[in-house]
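Below is one structure; the comments refer to it alone.
The values are calculated or read from the model by the stated rules, or taken from the named source; none is laboratory data. Values in this document were obtained by computation on a predicted structure and should not be read as measured data. Don't worry about glycine lacking a Cβ; one is built from the backbone with ideal geometry, like all the others, and counts go over all protein chains shown.
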Amino acid sequence: MIRTLGFPLLFAAMFSIAGGHWAVLQSVAWTGMVIEYSKDSPLAEALAKTFGGQAPCKICTAIEAGKEKESRLPATVKTDKKIDKFFSLAVQSAPLPAEEMFSYSAVSDEASSARPASPPTPVPIAA
């Protein structure tokens, strides 16, 4: 079950974290642009228009805006600030324990007194 479901989910998560979704969307946009531009001009010109960057399509501009928005502020910064705030409040409000609260009980020798004086001879070997 883990192998059939876990590995594809792990791959999808790693793919998304690495920004693979932007690469897939960009490939789809470029394919659409090549198809659209090749209707009116030869394939070489369509490829030049597509990858020249002079006439980006709506999808390309949306992808660039999404990449820029994603790279502005990492998501971990927001959660780190929340965690730091939580711990700073917890440290301020938590009372320190008094030294009287800690006491160690006296060591009892009951376990060792219940044992025989020496181990059996010869020492038993586990089979």
When (1) at pLDDT 75 or above; (2) farther than 16 Å from residue 22 by Cα; (3) assigned to a helix (DSSP H, G or I) are applied to residue 91, the one that fails is (1)
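Do the conditions hold for residue 50, that is, is it surrounded by 10 or more Cβ atoms within 10 Å (Cβ to Cβ), within 25 Å of residue 18 (Cα to Cα) and modelled with pLDDT of 90 or more?
no
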Reported set for segment 9-47 where residues are of a type outside the set (A, V, I, L, M, F, W, C), part of a helix (DSSP H, G or I) and surrounded by fewer than 11 Cβ atoms within 10 Å (Cβ to Cβ) is 27
